[in-house]
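All remarks here apply to the structure that follows.
Just so you know, all these numbers are worked out from the coordinates, no wet-lab data involved. Keep in mind the model is a prediction, meaning the values are calculated, not measured. Note that we place each Cβ from the backbone using ideal geometry, even for glycine, and neighbour counts take in every protein chain shown.
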Amino acid sequence: MLNEQSKKEALTRLKKIEGQIRGLERMVDDKRYCIDILDQVSAVRRALDSVSMLLMKNHVNTCVTHAIKADKGKKFVDELIGSVERFVR
């Protein structure tokens, strides 16, 4: 579960990304130069990766850590590894 600081930071970043997506829609609608659009798509992907890393760090520092302390860590570690594998594909 997200702590309050991580929640606030994630929501702030997601709102910024939402604005970037709207900007991309306008760029496509305005028939802007393809490379300019691709550059913005790349920026959005990096921003989403940043949110993903924030969430992963929070998950390790809270859920996984608590599970390990409760001697139930294997399930959470396996789940995290699966998530990381999906993330890097």
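With r defined as the distance between the Cβ atoms of E18 and R89 and R0 fixed at 25 Å, what FRET efficiency is calculated, to the nearest 0.05?
0.55
Kindly provide the helix-only [θ] at 222 nm of the chain, computed as the sum of -39,500 (n - 2.57) over DSSP H runs of four or more divided by all residues, to the nearest 500 deg cm²/dmol?
Only helices count here, giving -28000 deg cm²/dmol.
Pop a pseudo-label 7 angstrom from the Cα along the beta-carbon direction at both E4 and D39 and give the gap in nm to one decimal.
Here the modelled spin labels are 4.1 nm apart.
Is any helix in the chain, taking whole DSSP H runs, at least 15 angstrom long along its axis by alpha carbon and on average at least -1.0 on the Kyte-Doolittle scale, and which ones?
34-59, 73-88
Cut-off is 10 Å between beta-carbons; in what order do C63, C34 appear when sorted fewest neighbours first?
The fewest-first ordering by Cβ neighbours comes to C34, C63.
Checking the cross-link filter: which lysines have an alpha carbon closer than 25 Å to that of K74, excluding same-chain neighbours under 8 positions apart?
Partners found: K57.
When all C-alpha to C-alpha distances in the chain are sorted into bins of 5 Å, what percent of pairs does each bin hold, rounded to whole numbers?
Binned Cα distances yield the sequence 3, 13, 18, 16, 16, 12, 9, 6, 4, 2, 1, 0.
Between I81 and R46, what FRET efficiency follows from the Cβ-Cβ distance if R0 is 30 Å, with the result rounded to 0.05?
0.80
Mind checking which aspartates and glutamates have their Cα closer than 14 Å to the Cα of K8? Skip sequence neighbours fewer than 8 apart in that chain.
The qualifying aspartates and glutamates are none; the list is empty.
Given contacts defined as C-alpha pairs under 8 Å and at least six residues apart, what's the relative contact order of the stretch 4-88, whole-number percent?
Answer for the stretch 4-88 is 28 percent.
Of the options L38, V51, N3, report the single residue whose Cα projects farthest towards the positive end of the charge dipole of the chain (beta-carbon charges: Lys, Arg +1; Asp, Glu -1).
N3
Mind putting a number on the dipole of the stretch 1-69 about its Cα centre? Charges go on the C-beta only, +1 for Lys and Arg and -1 for Asp and Glu, and I need it in Debye to the nearest 20.
So the magnitude is around 240 debye.
Filter the chymotrypsin sites (Phe, Trp or Tyr not before Pro) in the stretch 4-89 to those in DSSP coil with at most 12 other Cβ atoms within 10 Å of their Cβ, and list the result.
Y33
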